[in-house]
1. Can you tell me how many residues within region B:118-154 are part of a helix (DSSP H, G or I) and touching a residue at least 60 places away in the same chain (Cβ under 8 Å)?
2. Give the residues of region A:272-289 that are surrounded by 14 or more Cβ atoms within 10 Å (Cβ to Cβ) and in contact with a Lys or Arg (Cβ under 6 Å, 6 or more places away or on another chain), sorted by residue number.
3. Quick one: would you say B:Pro104 is closer than 21 Å to B:Leu175 by Cα and buried (at least 24 other Cβ atoms within 10 Å of the Cβ)?
4. Which ones in region B:93-121 are over 14 Å from the mean Cα position of the chain (by Cα), of a type in the set (Gly, Ala, Ser) and more than 14 Å from chain A (Cβ to nearest Cβ)?
5. Quick one: which of B:Ile68, B:Ile36 is closer than 23 Å to A:Met117 by Cβ, within 12 Å of chain A (Cβ to nearest Cβ) and aliphatic (A, V, I, L, M)?
6. Out of (1) crowded, with 17+ Cβ neighbours inside 10 Å; (2) out of contact with any Leu (no Cβ under 9 Å at 6 or more places or on another chain); (3) under 19 Å from B:Leu333 (Cα atoms); (4) touching a residue at least 40 places away in the same chain (Cβ under 8 Å), what's the single condition that is false for B:Tyr259?
7. Which of the residues belonging to region B:356-386 are surrounded by fewer than 19 Cβ atoms within 10 Å (Cβ to Cβ), more than 16 Å from B:Ala278 (Cα to Cα) and of a type in the set (Gly, Ala, Ser)?
Amino acid sequence: MMNEPALNGMAHTEQDRSEPLLRAGNSNCGGCGMSNLMQMLRRAAAERELKLVIPACCAAVTGGSFPESAFSIPTIMSTFASAASVANGDASVAQLNGEETRVICLAGDGGTYDIGMGTLSAAAERNEDILYICYDNEIYGNTGGQRSSATPAGAATTSTLHGKQETKKDILGIMAAHRIPYAASISLAHIDDTLRKLQFALDARGFRFLHVLSPCPTGWKSEPAMGIELVRLAVRSGLFPVFEVFDGERYVLNVEPEFSGEALMMYLSLQRRFRNTGVTEESLRPSIERYWNYLRLMSGRIVPARRNV
Amino acid sequence: MAVELISANHAAALAATLAGRANRTARGFCSGVYPITPSTECMEYLCGQEIEKGKVVRADSEHNAMGICIGASASGARSFTTTCSNGLAYMIENCVAAAGYRLPIVMSIANRTLGPPWNIWADHGDSLLMRDLGWLQFYSADIQQVFDTVLCAFRLAEDPRVMMPALCCMDGFILSHTMAQVEVPSQEQVDRCLPPTDIPHRLDKSAHTLGQMETPHQSVVHRAQHHQAMLNARQVYAEVQDSFEEIFGRRPADPLVSYRTEDAETLIVSMGTLGVTAERVVDLLREQGQSVGSVRVRMFRPMLDEELRKIFAGKKRIAVLDRDISIGFGGVLWGEVRGFADPSAIVQNYMVGVAGGDVRPEHMINLLAELEQANESGAPRIVEVA
């Protein structure tokens, strides 16, 4: 059983699927956010019939080698750019045969933001019956930690040694622009909100997209046990907004941050990827403010973007 | 059996439609398609069909068209797509995957020159990119063959002793855009010819992972199994021909089409529609008293080495005509078959009709006249035709 203290209260209960989706003995690094996500998905999915499509990413490695598998459900490892199209084929055949199977793509940020973007966009445009989950560790983790378009400005990677210059792509904005039935960001530190979203997304039909900030101690140069705390800091500081978008138009903000400067400072200082790259609390503040102004505009919530805390 | 006047693109799509409907009692039919000249009419035709328990997904790229076919086939459905040229080149990563998963997807190719420079005319260089990937490969010479080959390809690809994807090639425009009368069987006949698709390793209920990591030893074992299954296709194809003949009352073309070879001293070896021209040239030269024959390699993968050795035995001169070029080497077909000739034979490679050149009988007659004068095999020659 993978019920580690790091799961932060996410203990195994009788509501959970009888078998973990990601079994013990997998090769994920300690403190991997994707492991936590799979544990939460286990509870949310309960005994629903599932199929998994995994493109090249850490999940493809952690599945282990033939003939064993760390995944307890039927799974296909697709080519890097093809998760959503392979899932499209799976979901279409399930539909033709009147099956209730939920087809889930589990893809990293490289396979989502970068190489798989066209595929993702096409499946979303056709509103295929797929639940697409991007576990975003903001880096090409599998290949040793190169920048992706999900890497935030100021993060050092093996291909941006002095810190990435460009800002992170707005993936939920892109997905919302496809007017898909459901797009949401998920915080691993907010379990109730996460479980609710996972369950909603599992039961909804059409294209559903979930974005998960997934701590990566190896790439972020952070303490494995600090992963969920880092996500909490990212949420509290306003750096990672937790919200959902229905049909591309109804924006709902789920967690109101404190916009805490201390949280932002802690978030940066607990990860060595931000060390000596010039990124500071002050340098991040304008972009946080800008994005939250945009979110408030979209959600229609008249709450000041900045509070005195 | 009805007779319809259709193009080869439509013949391939019609065969796929009938095959798709035939799987309605099993897990149905699902296909991802994307247009490219000169394969477009094949996907358009498919998009216009009503297929019971069938879905044709209008994909956003060839890469994803094959991705959709992979997902569909991995879920147990019958699957088909079509492309060519740079579309095939763009798709190829997923073609590698389809073969690696051992999924019996059938694909129609209207062979077209790879670009740039951009050229839409017939050349086998596109499908020959797939030579080593573990796909069955057929090259048709007329429109009836295109139709028959697609049906046979489903049967062959889905046979448990073979279980791998299949490529059905036709020369772009020369076949894809010309029309001829095609005998089209009834749905009931196709149902009998194609049993329900059964992919034993499909994703079903069990916790089974398809396409996961392997150690070198495991991969080599899987390669060996794939290789053996491909070799099995030679025998299985003969069985498919028998069964086809029993149900449809006519026999689909042989994997190697020999024409007046038995008493011939000189052979022309080719693929696709070049072979039809070669057969006319054989007739013309025979009238002039020359003992010439033609061999058309219809099944290119698996390669029928034993059979070709038998046909080549005792032949003095062999002209291998390639509508392709492996730059820095010569013709791909020549490279494959030259070793099957007798050591004393003169085997000359002519790359003719490359990039869509219109190869007419007089071109072949001139080449054979030159070959008759040769004392030894020369370097591969690129022959320019208008």
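The values are calculated or read from the model by the stated rules, or taken from the named source; none is laboratory data. Model, not experiment: these values are computed from the prediction. Reconstructed Cβ throughout: ideal geometry from the backbone, glycine too, with neighbour counts over all protein chains shown.
1. The initial filter retains those residues of region B:118-154 that are part of a helix (DSSP H, G or I), namely B:125-128, B:143-154.
Still in the running and touching a residue at least 60 places away in the same chain (Cβ under 8 Å): B:125, B:128, B:143-152, B:154.
Qualifying residue count, region B:118-154: 13.
2. Of everything in region A:272-289, just one residue is surrounded by 14 or more Cβ atoms within 10 Å (Cβ to Cβ) and in contact with a Lys or Arg (Cβ under 6 Å, 6 or more places away or on another chain), namely A:Arg273.
3. Values: closer than 21 Å to B:Leu175 by Cα: no; buried (at least 24 other Cβ atoms within 10 Å of the Cβ): yes.
It is false that B:Pro104 is closer than 21 Å to B:Leu175 by Cα and buried (at least 24 other Cβ atoms within 10 Å of the Cβ).
4. Within region B:93-121, the first condition is being over 14 Å from the mean Cα position of the chain (by Cα), and the residues that meet it are B:93-104, B:113-121.
Among the residues that remain, those that are also of a type in the set (Gly, Ala, Ser) are: B:97-100, B:115.
Of everything in region B:93-121, just one residue is over 14 Å from the mean Cα position of the chain (by Cα), of a type in the set (Gly, Ala, Ser) and more than 14 Å from chain A (Cβ to nearest Cβ), namely B:Gly115.
5. On the way: B:Ile36 fails: within 12 Å of chain A (Cβ to nearest Cβ).
When all the criteria are applied, what remains is B:Ile68.
6. (4)
7. B:Ala374, B:Ser377, B:Gly378, B:Ala379, B:Ala386
Residues checked against (1) assigned by TED's automatic domain parsing to the domain that holds B:Gly289; (2) surrounded by 14 or more Cβ atoms within 10 Å (Cβ to Cβ); (3) under 30 Å from A:Asp90 (Cβ atoms); (4) not aliphatic (A, V, I, L, M):
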{"position": "B:Thr197", "(1), (2), (3), (4)": "no, yes, yes, yes"}
{"position": "B:His208", "(1), (2), (3), (4)": "no, yes, yes, yes"}
{"position": "B:His226", "(1), (2), (3), (4)": "no, yes, yes, yes"}
{"position": "B:Gln235", "(1), (2), (3), (4)": "no, no, no, yes"}
{"position": "B:Ala238", "(1), (2), (3), (4)": "no, no, no, no"}
{"position": "B:Asp242", "(1), (2), (3), (4)": "no, no, no, yes"}
